[in-house]
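The values are calculated or read from the model by the stated rules, or taken from the named source; none is laboratory data. Predicted model, so just to flag it, every value in this text is computed and none were measured. A quick note on method: Cβ atoms are made from the backbone with ideal geometry, for glycine too, and the neighbour counts reach across all protein chains shown. Just so you know, the surface numbers come from the protein's heavy atoms only, side chains and all, with ligands and any DNA or RNA stripped out. Shrake-Rupley method; radii C 1.70, N 1.55, O 1.52, S 1.80 Å.
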Amino acid sequence: EKGNYPFYMIKEIEEQPKAVWACLNVYTKNDLVDFEAIGLTKEYLSSLDNIYILGCGSAYNVGKVSECIIEELTNCQVRVELASEFKYRNYKLNKNSLAIIISQSGETKDSYEALLKCKNEGIKTLSIVNVKGSVIPRNSDYHIYTYAGPEIAVATTKAYSSQLLVMYLFSLALAEAKGDITLEDEKKYIKELKSLPEKMEHILSDKASVQKLANHFVSKKDVFFIGREMDYAISEEGSLKFKEVTYIHSEAKPSGELKHGTLSLITDGVPVIAIATQNELLEKSISNMEEVKSRGASVIALTMEGADVSKSSKYQIYIPKTNKLFTASLAIIYLQLLAYYVSIAKGINPDQPRNLAKSVTVE
Ligand code: F6R
């Protein structure tokens, strides 16, 4: 039930702090990851050195964020693929791997077929799914439920956030099992994760400013999202959400690729949302903001508190401070809200974007 909310999308956006708590409650104990019930033992995790992550749409975007985290924390090889491509490619799969299939519905046909391909190749599978008892977890060696509660709006919000949370926990458990981080480090990370719901609430209390910013987009034809590394992975999800519910063409590009083509589309008044949550990349990100600003772009910078981006952007959005590994969880809330409010301002029903279905069980 929608209760007092006009749409499921905003209800589900607001439910994210609770969804994150649910995962933390179920899968941590004494500030350590607890996958005991899942069957993922420390011994098994320590034997892994190759991970595949497969999914479609936003689930794939979760994979792209996770890839940066696993690479940062461990020496494992990670490969993230779109399930719809993976099943037709002739990849030389490494048998001693774990394939992680991410799916809210647990029914997406392409993701299910990617799972079957892994099984046929003798690769162990772990699914991360929201809908209990669906086909993907029923057929996986291991499964982790995300406990986000039913998600009704077509564009995923809280399931994305829960999937991210589970992938953070998986990455920490993997790194600890492999001896790449200590138990003390793991505890510190988990404590930081426990502060996310409150930081999410803080962002949600700032809805009015996003609503105001949304007016700026209503008459636009194209919007670009740029970022590097993790910030690029966040850009992809921000852009997907935006195009789904606003019907405005949007595109995410790694900032370093602008010069290789997309810059030709940056002209007077074109909105560019520059994601810059990674402090180490801030200087580079600022120079990309200036690059598009000098072509007339209207730059909206999304960065972390403490970063000074005021000279290179027209509007600034700041997420509360958090560990650099977890910024996606906060940045995405602003981007979901932006997509939602532009949708509303254009008179679109964000819960049911044209031509899209919640569960894609055909190819
Ligand atoms: C985007 C969105 C879709 C889904 C995709 C996969 O907002 O909701 O891109 O993420 O269709 O669906 P699941 O996760 O059910 O496999």
* To do: Could you pull out every residue, at least 5 positions away or on a different chain, whose amide H is within less than 5 Å of the one on Ser313? Hs are placed 1.01 Å off N in the peptide plane, and Pro or chain starts have none.
  => none
* Among the listed pairs Lys92/Lys241; Lys207/Lys321; Lys158/Lys321; Lys42/Lys284; Lys191/Lys212, give every one whose C-alpha distance is greater than 29 Å. => Lys92/Lys241; Lys42/Lys284; Lys191/Lys212
* Output ³J(HN,Hα) for the stretch 151-161: one whole-Hz value per residue in order, computed from phi by the Karplus curve 6.51 cos²θ - 1.76 cosθ + 1.60 with θ = phi - 60°, and x for Gly and Pro. => 10, 9, 4, 4, 6, 6, 10, 6, 5, 4, 5
* Asked: If you wrap a convex hull around the C-alpha atoms of the stretch 202-262 and split its volume per residue, what is the figure in Å³?
  -> 96
* Relative contact order (percent, whole number), the chain, Cα cutoff 8 Å, 6+ residue spacing -> 19
* Percentage, to the nearest whole number, of Cα pairs in the stretch 73-197 over 27 Å apart -> 23
* Taking the chain as the region of interest, what is the percent of Cα-Cα pairs per 10 angstrom bin, listed from the shortest bin to the one with the maximum distance? -> 5, 25, 34, 25, 9, 1
* Would you please put 35-41, 115-121, 140-146 in order of how densely packed they are, using the mean number of other Cβ atoms within 10 angstrom per residue and starting with the highest? => 140-146, 115-121, 35-41
* Asked: Going out from 0 in 10 Å bins, what whole percent of all Cα-Cα distances in the stretch 1-43 drops into each bin?
  -> 25, 33, 21, 18, 3
* Structure fact -> Scalar couplings 3J(HN,Hα) for the stretch 239-252 by Karplus 6.51 cos²θ - 1.76 cosθ + 1.60 (θ = phi - 60°), nearest whole Hz, x for Gly and Pro, are 5, 4, 4, 4, 5, 4, 9, 10, 6, 9, 5, 9, 9, 9
* To do: Take the Cα atoms of the stretch 283-363, build their convex hull, and give its volume per residue in Å³.
  => 174
* Report ³J(HN,Hα) in whole Hz for each residue of the stretch 219-226, in order, from the Karplus equation J = 6.51 cos²θ - 1.76 cosθ + 1.60 where θ = phi - 60°; Gly and Pro get x. => 9, 7, 9, 9, 9, 10, 10, 10
* Cα-based equivalent ellipsoid, the stretch 1-151: semi-axes from gyration tensor eigenvalues, Å -> 27, 19, 14
* Enumerate the aspartates and glutamates that Lys194 could reach by cross-link, defined here as Cα to Cα under 16 Å, with residues fewer than 8 away along the same chain left out. => Glu15, Asp31, Asp34, Glu184, Asp185, Glu186
* Tally up the carbon and sulfur contribution to the accessible surface of the chain as a whole percent, 1.4 Å probe, everything protein left in place. => 48
* Report Rg/Rh for the stretch 267-325, rounded to two decimals, where Rg is the Cα radius of gyration and Rh the Kirkwood radius. => 0.97
* Dimensionless Rg over Rh [the stretch 209-363; C-alpha; Kirkwood] -> 0.96
* Asked: Antiparallel as a % of all DSSP beta bridges within the chain, to the nearest 5?
  -> 5
* Angle between the Cα long axis of helix 282-293 and the longest principal axis of the chain, 0 to 90 degrees, nearest 10? -> 40
* Structure fact -> So the pair-distance distribution of the stretch 28-110, from every Cα-Cα distance in 5 Å bins, comes to percents of 3, 12, 21, 23, 22, 13, 4, 1, 0
* How about Lys119: which aspartates and glutamates have a C-alpha closer than 20 Å to its C-alpha, ignoring those fewer than 8 places off in the same chain? -> Asp49, Glu81, Glu85, Glu107, Asp110, Asp141, Glu363
* Asked: Rounded to the nearest 500 deg cm²/dmol, what is the calculated helix-only ellipticity per residue at 222 nm for the chain, with -39500 (n - 2.57) per DSSP H run of length n ≥ 4?
  -> -13500 deg cm²/dmol
* Asked: So what are the stretch 177-232's ellipsoid semi-axes, whole angstrom, largest first, if each one is the square root of 5 times an eigenvalue of the alpha-carbon gyration tensor?
  -> 36, 19, 5
* **lysines whose Cα lies under 17 Å from that of Lys243, excluding same-chain neighbours fewer than 8 positions away** => Lys220, Lys221, Lys253, Lys346, Lys358
* Structure fact -> Residues meeting the amide H criterion for Ala99 (H placed from the backbone, H to H distance under 5 Å, 5 or more places apart or on another chain) are Tyr52, Lys124, Thr125, Leu126
* Asked: Using modelled amide H (1.01 Å from N, peptide plane; none on Pro or chain starts), what sits under 5 Å from the amide H of Ala252, excluding residues fewer than 5 places away?
  -> Phe225
* For the stretch 190-297, fraction of C-alpha pairs farther apart than 22 Å, in % -> 38
